[in-house]
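Colleague: Below are the structure tokens for one structure; questions will follow.
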Amino acid sequence: MWLFFGVLAVSFWAMDNVISSVLVRCYEKNEITLSWIIGTLHIFFLSPVLVFFYWPKLIIDPYWIAIFFIVGAFTYLGWILFYYVLKHIDASVSNAAWAMLAIFVSIGGLIFFNETWSMLQIVGIVSSLSGVFILSYWHKHVSIRRTLFLLSALGFANAPYFLVQKAALLANVNIFAVFLYPFASTSIVAFLFPMFTKHRSAIFVRLTNLSFWYLFLCSLITVISATGFYFMAMSYSLGPASLVVMAENIQPFIVIFFAFIASRLFPAYAPRELLTAQSIQVKLVSFCVVFAGLALLAVG
């Protein structure tokens with residue numbers, strides 16, 4: 001059953017990637033403004049619903065609430081980087097950042113949780129990095145160095161989120177609190193930060209010029225992203241964490257599928273995704289290499 005929920009979560013996140021790519025390509029070039037809109041929708045429409053249904057499970061040690069809000073502030077950088085990356089890199093290629101994320105999380109496990117690497121896991125790391133390098137080399141309209149930097153930065157920015165979640169789970173914090181508090185704290189930071197910077201004026205300009213489709217897509221991302229987090233929480237609660245992480249790595253393949261469907265149904269509003277026969281072949285080979293490496297990293 002954990003695999004069913006894991007695949008559902010990844011499918012929802014793949015849809016999130018595709019719709020986000022459409023947003024930054026066709027509607028919104030400012031990452032901070034887009035993050036503010038998404039964060040606001042989370043706070044005022046989604047969070048009350050989640051708290052209403054799960055509030056007994058959200059009563060935890062204030063120490064962990066403070067830690068979750070600190071890591072949420074760091075994860076906000078990941079939001080900004082995510083939308084920036086989608087402006088310059090294909091939606092499916094951006095998913096290679098999650099391979100880098102897995103490696104950074106593994107390094108964090110060595111440092112903070114006294115974990116060790118087996119020879120298979122070292123081979124897995126080399127394989128994953130090789131797959132990311134193949135993607136970066138092929139992605140010629142953005143330089144190899146810049147692509148590798150962006151993918152690595154995006155993975156690194158999200159690593160504390162998962163390391164803190166793991167620490168909380170090891171401390172027997174309720175799994176729904178572990179997933180909901182960081183999610184909510186990132187949204188709050190995304191809402192508050194621009195209000196105290198020069199980006200406030202850009203947000204006010206956007207609010208006076210909100211189109212129906214822009215708001216609809218942002219709302220859709222809000223619901224889809226939260227649904228994905230819910231299903232992933234269910235998957236983690238039912239299955240081994242190492243195998244759940246492995247299931248997450250099919251996301252790039254699903255992104256390519258959704259991007260292909262979107263480009264055929266709505267060519268004028270398709271995500272940023274090169275879908276020639278050669279590009280699909282290169283992406284599939286690269287992701288297979290990455291997936292094999294992450295599988296070794298998870299089970300080695």
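The values are calculated or read from the model by the stated rules, or taken from the named source; none is laboratory data. Computed from a prediction, not measured in an experiment: that's the story for all the values here. Here the Cβ is made from the backbone with ideal geometry for all residues, glycine too, and neighbour counts use every protein chain on show.
Residue-wise test of (1) in contact with a helix residue (DSSP H, G or I) (Cβ under 9 Å, 6 or more places away or on another chain); (2) more than 30 Å from A171 (Cα to Cα).
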{"position": "G39", "(1), (2)": "yes, no"}
{"position": "H42", "(1), (2)": "yes, no"}
{"position": "L46", "(1), (2)": "yes, no"}
{"position": "I60", "(1), (2)": "yes, no"}
{"position": "A66", "(1), (2)": "no, no"}
{"position": "V71", "(1), (2)": "yes, no"}
{"position": "T75", "(1), (2)": "yes, no"}
{"position": "H88", "(1), (2)": "yes, yes"}
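Colleague: Residue under question is F176, and the condition is that it be out of contact with any Pro (no Cβ under 9 Å at 6 or more places or on another chain), over 18 Å from H42 (Cβ atoms) and assigned to a helix (DSSP H, G or I); does it hold?
Modeller: Taking the combined requirement at face value, the residue does not satisfy it.
Colleague: So for the range 138-148 (the condition being modelled with pLDDT of 75 or more and surrounded by 19 or more Cβ atoms within 10 Å (Cβ to Cβ)), does at least one residue qualify?
Modeller: Yes, the range 138-148 has at least one match.
Colleague: Against the definition (more than 17 Å from the chain's Cα centre (by Cα), in a helix (DSSP H, G or I) and at pLDDT 80 or above), how does P182 come out, yes or no?
Modeller: So P182 fails the test.
Colleague: Checking the conditions here, which among G108, G131, G155, G124 is in a helix (DSSP H, G or I), touching a Pro at 6+ places or on another chain (Cβ under 9 Å) and not basic (K, R)?
Modeller: Exactly one of G108, G131, G155, G124 is in a helix (DSSP H, G or I), touching a Pro at 6+ places or on another chain (Cβ under 9 Å) and not basic (K, R), namely G108.
Colleague: Kindly evaluate F5 against the criterion of being surrounded by fewer than 19 Cβ atoms within 10 Å (Cβ to Cβ), within 21 Å of L169 (Cβ to Cβ) and of a type in the set (F, W, Y).
Modeller: No; evaluated as a whole, the condition is false for this residue.
Colleague: Which numbered condition in (1) hydroxyl-bearing (S, T, Y); (2) in contact with a helix residue (DSSP H, G or I) (Cβ under 7 Å, 6 or more places away or on another chain); (3) modelled with pLDDT of 85 or more is the only one that T208 fails?
Modeller: That leaves (2) as the condition not met.
Colleague: When the residues of the range 8-55 are narrowed to those that are part of a helix (DSSP H, G or I) and of a type in the set (D, E), which ends up surrounded by the fewest Cβ atoms within 10 Å (Cβ to Cβ)?
Modeller: Of everything passing the filter in the range 8-55, E31 is surrounded by the fewest Cβ atoms within 10 Å (Cβ to Cβ).
Colleague: Please go through the range 56-111 and give me each residue that is of a type in the set (F, W, Y) and within 30 Å of C288 (Cα to Cα), ordered by number.
Modeller: Y76, W79, F82, Y83, Y84, W98, F104
Colleague: Next question. From the list A153, A171, A202, which residue is closer than 26 Å to A99 by Cβ and modelled with pLDDT of 85 or more?
Modeller: Sole residue among the options that is closer than 26 Å to A99 by Cβ and modelled with pLDDT of 85 or more: A153.
Colleague: Then there is this: Count, please, the residues in the range 85-122 that happen to be modelled with pLDDT of 80 or more, aromatic (F, W, Y) and either surrounded by fewer than 17 Cβ atoms within 10 Å (Cβ to Cβ) or in contact with a Ser or Thr (Cβ under 8 Å, 6 or more places away or on another chain) (or both).
Modeller: 1
Colleague: Looking for whichever is surrounded by 16 or more Cβ atoms within 10 Å (Cβ to Cβ) and of a type in the set (S, T, Y) here; the options are Y76, Y63. Which one fits?
Modeller: Going through Y76, Y63 in turn, the sole match is Y76.
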